[in-house]
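The values are calculated or read from the model by the stated rules, or taken from the named source; none is laboratory data. Keep in mind that what you see is a predicted model, and the values were worked out from it rather than measured. Glycine also receives a Cβ, built like all others from the backbone with ideal geometry; neighbour counts cover every protein chain displayed. We work out accessible area using only protein heavy atoms, side chains counted, and drop any ligands, DNA or RNA first. Shrake-Rupley method; radii C 1.70, N 1.55, O 1.52, S 1.80 Å.
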Amino acid sequence: MKKSMFLFLSLLLLTGCWDQENLSDRRLINGISFDLSDEDPNLIQGGVRALNIKSQGGGTIEVKDELLTSKEPTTGEIGHEIKKNLPGRLDVTKTFIIFIGDELAKEGIHPLLETFYRGNLGYLPSKAVVVKGKAIDILSINEEDSPIAFRVLNGIRAAEANTLIPELNLFTIWNKMGDERIDMVLPLLEKTNDKPEIAGLALFDQDKYTGKNLDTEQSTLLLIMRDDLGFIADVFIPYEQNPEKKYRLSIMGLNRKLDTTVSKDDSITSTLRLKVKTELNANPFGGSDLKSMAAQAEKVMTKRMEEVVAILQESNSDPLGIGMDVATKYPEKWKRINWESEYKKVEIQLDVKVDIEKTGGLF
């Protein structure tokens, strides 16, 4: 554990210039959690995971991973209270993850994150995630090889690369949180067998978590609909003749066009057209009837995307940016309507075309 901590600290040292300050005077915060207090709904239960660094002399250091908690009305007061119990300066400039419990997220995350945007201590590359249940349950997991926030960060980066969740940080979250024309989504975590796990995406209506989620398969489809691909994006399509078996299509690229129109009676129709270029990378049945496989993929993806759209409208969450399209093309209409009620009435149509352009090395 000490060896791993030393290596982890060395990586942190390479990312910042701290030669003007004694490290033993700092408490490096790498993870923060916020939850609604069980005892008093007017209080926030906050937790921080801090690296306690002590010089042992002879050029050696000892690093301990500490968990501290406090319950206060605001995040600022939580920070102040925790500082009183820690010697040295509390350093949040390497806070990798901000964990937010789902019940607290339903009340709005703007007041929780606002303090991170003020002053010069906020770390804008920080990730923010919603946790099923209590966020402190994730932050308090004890890992043998590295602090838990670092493990979660690695998992988030892998999920971003595999198009399970979008690439987000405090900077990009802030931009969407203040724009009523589009809603954000955040990664959803849950604790499974005492390990943190990416469960999908938490859907938001402005800064409030709706309580509705997309699983990881639905999340990939949403990101395809947004043209928000990571390094890899795979979809698994059941064979028409044997739905128990599936072939894998890897997305090589796509063309997206969102066309929203307002009729004379003020009804809104939004058509999302997707042309998806794919590579066949797993074909358990063998053979390469690409035309019929592409047609089956179009049918299956359209149906699944329609299910995702239904969840979005039911949740009053608009991460596709349909409101932005209306506001851009019909600014006068946008000023007149109540988008909160109008969005659920929008007729959203999907036009999905799939091309299988490559079949991999084995076909």
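Listing for the model above:
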read-out: Cut-off 13 Å between beta-carbons: net charge of the residues surrounding residue 38, Lys and Arg +1, Asp and Glu -1; value: -3
read-out: Virtual spin-label span in nm between residue 242 and residue 154, 7 Å along Cα→Cβ; value: 3.8 nm
read-out: Rounded to the nearest 10 Å², the accessible area of residue 195 at probe 1.4 Å; value: 90 Å²
read-out: Chymotrypsin sites (Phe, Trp or Tyr not before Pro) restricted to the range 235-302 and DSSP loop, no more than 15 other C-beta within 10 Å; value: 285
read-out: Charge tally in the Cβ shell below 15 Å around residue 76, where Lys, Arg are +1 and Asp, Glu are -1, residue 76 excluded; value: 0
read-out: Out-of-range pairs (alpha-carbon distance over 19 Å; input 134/212; 291/358; 212/257; 257/344; 64/132); value: 212/257; 257/344; 64/132
read-out: FRET efficiency estimate (nearest 0.05) - Cβ-Cβ, residue 114 to residue 252, R0 45 angstrom; value: 0.65
